[in-house]
Structures are given as structure tokens and as C-alpha cells.
Amino acid sequence: MKIEDLKIAIVYDRLVKWGGAERLLKTISHLLPQAVFFSLKYKPQPALSFLKQHKVITSFLDKGIFKPFSHEILFPLANLAFEQFDFQEFDVVFSIGSAESKSIITNTKTKHLHYALAPTRYLWQDYHLFKASLPPALRPFFSYLAYKQRPADFITAYRPDKIITISHFINTQIQKYYRRPSQVIYPPFDLDYWQNLKPEPVKLPCRQPFWLAVARLAPQKRLDLVIKAAALKKEKVVIIGKGWLKNNLLRLSRRLQSPVYFLDSLTDSQLKYLYLNSLGLIIPQVEDFGYTALEAAALGKPIVYFDQGGSAEILSQYPLAYPYQPQNQQALTSKLTAVKSAAAAKNWSKSSTIKQYFKPFLATRFKDEIKNIIINLIKENPS
């Protein structure tokens, strides 16, 4: 049996942004070029150009009266929308996401493999962060919807035939919230790509020195801590990312007169330029995996990170990793002050150490493991 001969569908929560999860999706799309993509919404953009080789099918939330609304507003309808997709013609459905993609329905002949990026954040581990980010008048309504949706989310976690996940940290969360085992397969990281990429100069929004934070502008990323820490010690920070929380973060930055600057829509070459010209990377959140941490490590930059989650897992052997605890602005500020004079890791990129460090994240290893899992799923109950 060859994987190329299988009819495969790839289901992803929302094809509307670019980030670490979408880099993973790009690798999977190349591994499974015959796959048809299904998603709640799809917003074509240059970073998602790899989807041009695939057929993309979207839900009713991407049509008619629902099309103008963001997926954040439409989340109560997400499970229903995924359940409308028909996968009878496929041998395997590979769902990927941190929310409702696992809720698809397949028949007994179609295998369902789910790559869990996290349990549904706004219902479980980050519920209080999402609630606090909303206007006070909307919080009771959100609480009620979350209360009603948790049982359904738990049930849909039993629809996949097998769950794999991105880190041991997320593995424990899946066991906690869904009471299901999962297999850890680290996402791939292209070390050669980042090291050989030519930096493209960007007009800096502030003078050097500055710190860098690269994340989606969402509650669980805890960029509010970065803004507060920057205000406390007047440390300049450039935040790179998009998201629905941007206006909240801008208001907080202005109120505190924090020297924080926002950028988005950068190419990888521009992002590398900012990495190289920064003091280092700040990761204030409990990260599920930590793709940006690997980007900074590939370039030998200091990384200040909250000592929990995926970042703590993958940075334990990196020589310029600086964990902080507890998760508040005082601890983060103290660590930034202590690390500010740290130099980049000399010869790190040319040493044999870096090759060994990035070995668990090789794309070849990832592709082989995914192929084996899909083939073994089919063999369990051949159609």
C-alpha cells in the first residue's frame, strides 16, 4: 500500500492567517499533494499560496450572510459547520487544529487521524483569559456559551480514531480535558532554510536596542505582560503579529506609555532581519510547542520565556534560553534586565551541537512518522 494511492482529506480549523501552525500545514500539504482541504473559512493570501495545488472546500460560514463575520464571532456554529462536510469518498481524513476540526463525522470505512495543536483553548485551559479580554457586558453571554459547548467538545474528542499531538505538554492536556491518550510527534523545522535565508532590511519602528515578540494577538499569548514589562523599565519591544486583540493591546500600550511597536505582514526574510537586529525573543505565554523559539535558536539569539509548556520542553538544551517564573510583569522585567547584556551564541550555527539540537524536528523524520501512522490506520481495518 502506498500513501500516494489513498484518497485523503485535510481538515483545518480556519485558513485565514499565517503562523507556526500554518507552517506545519504547508509541510503536510507537500507530503500529501493529492489531499483536498476542508476548512470553516479560507482567506487567500501570499503566505498560503501552497494551497493553490489543492482543492479547498469551505463551510457555510464562509458563504452568504455569514461570510463578512470573523470566525471568532461565529464560534458557536463551528461544530455544526464541520459536521456538514461529507467524507464518504475518502480513505483517510487528517484533521489538524486547536478547536473544532476534530468534530467532523466519518463513516466506519473512513479513518480519522487528528493532529491536536491544543485542546479547544477558549473552552478549557485559556477560558478565563478569553473571558477577561471581552467587554464586561459580553462576559456572561460567553460564559453561558462555553458552559453549553464543553460537553459537545468533550464528545467530539472521541470521534478521531487516533490522536497525535505536538508536544508532551499538550499530550498531558489532552489526557486531562479529554481523557484520551495521544502520541507525540514534534512539528518539523527547516533549520537550513532559516540559516541560509537572506535577511531583508526593514525600516525599524524604533531605534536599537529592542526586544522582539512574535505571536498572534490573542489572549493566550499574554502580550499584555510584554507591554507592562516594557513600560516598567522602558525597554523597547517590537511585536510582530495579527489578531483580534490588537486594539486592546494598543490601548494598553498608550495608557502605560509603553515603548512597544507593532508590525505585521512581514516576509520571512524581513523577520530574520528583525531577529538578527534584536536583543532576543520574548515568549511570555504558556506555549503549546514554540515554533518561534526554534527560529530564534536557529539564529543564536537569547530567548526569555515563561518556564512552562512547550517552550520549556524544547528549550531545555539551548544555551541562550532564560526561563522566568512566576508569570507576571515583575518576573519578566527582572529577567529582561539580567539577560540584556547576553551575547549571541558564537559559532552556534556552525557547530555540530546545533545539528544535534534540531534533530527531533527534522522534516524527514516528521514525514516518515505521519506516513507510517496513516498506513497503519488503514491496515487496522482495510476497506
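So the values come out like this:
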| read-out | value |
| --- | --- |
| Range in the chain, longest, excluding exposed GluC sites (Glu not before Pro) [loop by DSSP; at most 16 other beta-carbon atoms within 10 Å] | 90-383 |
| Lys/Arg +1, Asp/Glu -1 at C-beta; the chain dipole; positive extreme among Ile65, Leu245, Ser101 | Leu245 |
| Per-residue Cβ neighbour rank within 10 angstrom, fewest leading, Asp153, Asp86 | Asp86, Asp153 |
| Computed E for Leu362/Ala137 - FRET, C-beta separation, R0 51 angstrom, nearest 0.05 | 0.55 |
| DSSP beta bridge pairing in region 40-191, given as percent antiparallel to the nearest 5 | 0 |
| Residue-wise HN-Hα coupling along region 70-79, computed from phi with Karplus coefficients 6.51, -1.76, 1.60 (Hz; x: Gly, Pro) | 6, 5, 4, 6, 8, 4, x, 9, 5, 4 |
| Rounded to the nearest 20 debye, dipole of the chain from Cβ charges on Lys, Arg, Asp, Glu | 1040 |
| Which label in (1) 49; (2) 26; (3) 31 gives the computed percent of Cα pairs over 35 Å apart | (2) |
| Selection of trypsin sites (Lys or Arg not before Pro), region 132-195, meeting DSSP coil and at most 10 other Cβ within 10 Å | Arg179 |
| Segment Ser351-Asp268, length gained on full extension (0.36 nm per residue, minus Cα span) | 27.5 nm |
| Distance (nanometres) between label positions extended 7 Å along Cα→Cβ at Lys2 and Ala47 | 3.5 |
| Within-15-Å neighbourhood charge of Phe306 [Cβ basis; K, R +1; D, E -1] | -2 |
| Helix 363-380 axis, angle to the chain major axis (alpha carbon atoms, nearest 10°) | 20 |
| Helix 268-277 axis, angle to the chain major axis (alpha carbon atoms, nearest 10°) | 30 |
| Neighbourhood charge, 14 Å Cβ-Cβ cut-off, centred on Leu263 and excluding it, Lys, Arg +1 and Asp, Glu -1 | +3 |
| Neighbour-limited loop hits for trypsin sites (Lys or Arg not before Pro), region 206-284 (at most 12 other Cβ within 10 Å; DSSP other than H, G, I, E, B) | Arg207, Lys234 |
| Dipole in debye (nearest 20) - region 67-114, about Cα centre, beta carbon charges: Lys, Arg +1; Asp, Glu -1 | 80 |
| Degrees between helix 20-31 axis and first principal axis of the chain (Cα, 0 to 90, nearest 10) | 40 |
| Label point distance in nm, Lys109-Leu256, each placed 7 Å from Cα along Cα→Cβ | 5.8 |
| Span from the region 64-118 Cα centroid across to the region 14-29 one, whole angstrom | 16 |
| Rg(Cα) / (2.2 N^0.38 Å) computed for region 191-359, rounded to two decimals | 0.97 |
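Every number in this text was worked out from the coordinates using simple rules, so none of it is lab data. For clarity, every value in this text was computed on a predicted model and none was experimentally measured. Positions of Cβ are generated from backbone atoms using ideal geometry, with glycine treated the same way; all protein chains shown enter the neighbour counts.
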